[in-house]
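Have a look at the structure below, then the notes.
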Amino acid sequence: MIDQNKEVWTITKEFLESSERLLKAASLTDSDPIKQEMISFTRPDFDKMMARSEAMKILLNEDFQNNKNFILSEMVEITKLSLEIAKKIEDKLLCLAQN
């Protein structure tokens, strides 16, 4: 049971950290419409991530124990998506911040 709890903790920690990284990457736009347009290509991936997050939220509210494995696997996939999106945004906008 301890290993399983550690796995849940690790997955949750990575999930939260990826969300924080995505937030920081998105904040690189500084609410500038031009910069926002520059990263608009990430919107389809963001929409997919949000849909998966909403589905996971429903399952969490219904019955975590019976959906635990699926929820954890979705958290891992959402974490990957968040990190991919954050990297795309950073790659596009960080060069502007350095100039």
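Kindly indicate whether any position in region 12-21 is free of Cβ contacts under 8 Å to residues at least 12 places away in the same chain and more than 21 Å from L93 (Cβ to Cβ). Scanning region 12-21 turns up at least one residue that is free of Cβ contacts under 8 Å to residues at least 12 places away in the same chain and more than 21 Å from L93 (Cβ to Cβ). The requirement of being surrounded by 10 or more Cβ atoms within 10 Å (Cβ to Cβ), on the phi > 0 side of the Ramachandran plot and not hydroxyl-bearing (S, T, Y) is not satisfied by D47. Please name all residue pairs, on different chains or six or more residues apart, with Cβ atoms under 8 Å, provided the first residue is in region 45-60 and is closer than 17 Å to T12 by Cβ and the second residue is modelled with pLDDT of 90 or more and polar (S, T, N, Q). The qualifying pairs are M49/S82.
Picking from residues in region 88-99 that are in contact (Cβ under 8 Å) with a residue 12 or more places away in the chain and surrounded by fewer than 15 Cβ atoms within 10 Å (Cβ to Cβ), the one that is nearest to L23 (Cα to Cα) is L94. Total residues in region 37-60 satisfying the condition of being among the small types (G, A, S) and under 13 Å from the mean Cα position of the chain (by Cα): the figure is 2.
The values are calculated or read from the model by the stated rules, or taken from the named source; none is laboratory data. Predicted, not measured: the structure shown is a model, and the values here were computed from it. Glycine also receives a Cβ, built like all others from the backbone with ideal geometry; neighbour counts cover every protein chain displayed.
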